[in-house]
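Novice: Below is one structure. I have some questions about it.
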Amino acid sequence: MKKMSLFKVLMLSLGLSFLPFCSLIAALPIDVNGQNNIPSLAPMLAKVLPAVVSVHVEGTQSTPQFAFPVPKEFKYFFGPDFPSDNYSTRPFEGIGSGVIINANQGYIITNNHVITGADQIKVQLNDGRKFNARIIGYDEQTDLALLQLPIDSTNLTEVKMADSDTLKVGDFAIAVGNPFGLDQTVTSGIISALGRSGLHLEGLEHFIQTDASINRGNSGGALVNLKGELIGINTAILAPGGGNIGIGFAIPSNIVKNLSQQLIEFGEVKRSQLGIRGTELTMDIAQAFHIENQHGAFVSEVIIGSAAAKAKIQAGDIILSVDGKPIHNFDELRVKVGTTMPGKTINIGILRNNRLFNIPVILDDNISTIFNQEALTPELQGAILSNWKRKDGTKGILVESIIKGSPAARLGLQQHDLIVGLNLEPVHNLAELRKALERKPTVKALDIMRGDNHVFVWLK
């Protein structure tokens, strides 16, 4: 009886799953040339593969000869035999992937880390043709770069972009790229999660997570849906052991579309800022403010004179949506604003005193991106840090203000200091500084520009 009961349960389970499976097969692309109409992705991929290219990079990279700055006294002690150059250079080669997004103009989107330091970039199409490509522009904050093939390159195929805001967890996802130099490799999976952030990969993070296999060389490749539309650019994997474990991340196509348009028009990304400080709406905050909603961005401060202040946004407001699309946390809000051009008007849905409001906001230039310094290292507590670019073009992290007697002040940091390096490794923004600190160097020396002078500040 027990065996019979188990058999009935199994049959019932199969019966319950049969109809959805039939519907699933019906939704898949069908190879009509097959004798048995076997479901196949081949018809869709025939349109996608020509738009995915291999990117081969050659260049030189500089590495510090020492793990920490060497005082002048040491150099004097060792005499003329002491190396005078703090950096050594060596050639490197790299491989990656790219996606043609405009066939007429030869525009290719890829990851910035694929082409960083490149002296020469060669692109190979799926038909074997090779072209030298030039860099139109790049964005370090989102790890995107735009390349262009020669205008005389013909018979190119572009991929259509989908609306990534319509994606749902469980949707099918197909990754196409050049892992380990194996061009035109296709893997499949599903969308495992949406809006992933806090991974400390880039400055602005709002990744699609997928279990479609992504490996080295896939960076810059395509993540497409079953229609063959681009839903993301494959960027990173979580690989503690160095191999794929089914956790990959892609930049959503809507971000790719917005930023590629700016790179085409300006050669750079012009960022907006709202002018608020805040945090994710947690359960504790919701209870304290008697709020029923469990998602959104809590506004803790509105900066005087900012776009938010001009639009009458107030501290204590809960931002629920931007242009009618839900905002689930503060990171998502940062990405939405940070990938929108300055001067554009966005409609922000807020909850104030349990009443809903829709407020139009004209976004300002993102002169500085405020960052929580404690997320970098406890020694910097008490300093307000932001990305900054000086008139001479020098990029770094500006100390906007500093609390007297704080750990940061005791280190010797001063207001208006510009952090430009860590242990002789240049850092151009907060994201790069965070990555450098996460490597947990035994010695941590900040390279500071104080006026026209270089000063080193040692972190304890």
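Novice: Which residue pairs have Cβ atoms under 8 Å apart, sit 6 or more places apart or on different chains, and have a first residue in the stretch 425-447 that is outside the structural domain of residue 379 (by TED's automatic domain parsing) and a second that is of a type outside the set (D, E, K, R)?
Specialist: none
Novice: Could you please find all residues in the stretch 424-455 being on the phi < 0 side of the Ramachandran plot and in a loop (DSSP other than H, G, I, E, B)?
Specialist: 427, 428, 429, 439, 441, 442, 443, 452
Novice: Does residue 199 meet the test of being within 25 Å of residue 269 (Cβ to Cβ) and either in contact with a Phe, Trp or Tyr (Cβ under 6 Å, 6 or more places away or on another chain) or outside any strand (DSSP E or B) (or both)?
Specialist: Considered against the rule, which asks whether it is within 25 Å of residue 269 (Cβ to Cβ) and either in contact with a Phe, Trp or Tyr (Cβ under 6 Å, 6 or more places away or on another chain) or outside any strand (DSSP E or B) (or both), residue 199 comes out as yes.
Novice: Just to be sure I understand the filter: pairs with C-beta atoms under 6 Å, separated by 6 or more residues or on different chains, first member in the stretch 310-327 and farther than 24 Å from residue 288 by Cα, second member of a type outside the set (A, V, I, L, M). Which pairs pass?
Specialist: Every condition considered, the pairs that remain are 322/336; 323/347; 325/165.
Novice: Tell me which strands (runs of 3 or more DSSP E) are completely within the stretch 207-248 and hold 1 or more residues being farther than 19 Å from residue 48 by Cβ and touching a strand residue (DSSP E or B) at 6+ places or on another chain (Cβ under 7 Å), or say none if there are none.
Specialist: In the stretch 207-248, the matching strands (runs of 3 or more DSSP E) lie at 207-210, 230-237.
Novice: Got a sec? Which of 116, 142, 157, 110 is of a type in the set (Ser, Thr, Tyr) and more than 29 Å from residue 432 (Cβ to Cβ)?
Specialist: Going through 116, 142, 157, 110 in turn, just one is of a type in the set (Ser, Thr, Tyr) and more than 29 Å from residue 432 (Cβ to Cβ): 157.
Novice: Answer yes or no as to whether residue 98 is in a strand (DSSP E or B) and surrounded by 23 or more Cβ atoms within 10 Å (Cβ to Cβ).
Specialist: The answer is yes for residue 98.
Novice: Going by what's in this entry, would residue 293 be described as out of contact with any His (no Cβ under 8 Å at 6 or more places or on another chain) and within 30 Å of residue 129 (Cβ to Cβ)?
Specialist: no
Novice: Which of (1) part of a loop (DSSP other than H, G, I, E, B); (2) under 28 Å from residue 160 (Cα atoms) is the odd one out, the single condition residue 291 does not satisfy?
Specialist: (2)
Novice: Looking only at the stretch 271-301, which residues are in contact with a strand residue (DSSP E or B) (Cβ under 7 Å, 6 or more places away or on another chain) and closer than 30 Å to residue 105 by Cβ?
Specialist: Correct list: 272 only.
Novice: With the structure loaded, tell me whether residue 421 is under 24 Å from the mean Cα position of the chain (by Cα) and either assigned to a loop (DSSP other than H, G, I, E, B) or of a type outside the set (A, V, I, L, M) (or both) or whether it fails that test.
Specialist: yes
Novice: Next question, about the same structure. Limited to the stretch 365-400, what total is found for residues that are at negative phi, out of contact with any Leu (no Cβ under 8 Å at 6 or more places or on another chain) and at pLDDT 80 or above?
Specialist: Looking only at that region, the number is 4.
Novice: Looking at (1) more than 19 Å from residue 198 (Cα to Cα); (2) surrounded by fewer than 21 Cβ atoms within 10 Å (Cβ to Cβ), find the lone condition where residue 331 falls short.
Specialist: (1)
Novice: Give me the residue from the stretch 297-331 that is part of a loop (DSSP other than H, G, I, E, B) and touching a Phe, Trp or Tyr at 6+ places or on another chain (Cβ under 9 Å) and, out of that set, modelled with the lowest pLDDT.
Specialist: Here the residue is 316.
Novice: For residues in the stretch 380-415 being in a helix (DSSP H, G or I) and of a type in the set (Gly, Ala, Ser), which is surrounded by the most Cβ atoms within 10 Å (Cβ to Cβ)?
Specialist: My answer is 408.
Novice: I would also like to ask the following. Can you confirm whether residue 255 is out of contact with any strand residue (DSSP E or B) (no Cβ under 6 Å at 6 or more places or on another chain), aliphatic (A, V, I, L, M), closer than 19 Å to residue 164 by Cα and surrounded by 22 or more Cβ atoms within 10 Å (Cβ to Cβ)?
Specialist: Yes, satisfied.
Novice: Given the criteria surrounded by fewer than 22 Cβ atoms within 10 Å (Cβ to Cβ) and among the charged types (D, E, K, R), does residue 310 qualify?
Specialist: yes
The values are calculated or read from the model by the stated rules, or taken from the named source; none is laboratory data. Because the structure is a prediction, the values reported are computed rather than measured. Glycine also receives a Cβ, built like all others from the backbone with ideal geometry; neighbour counts cover every protein chain displayed.
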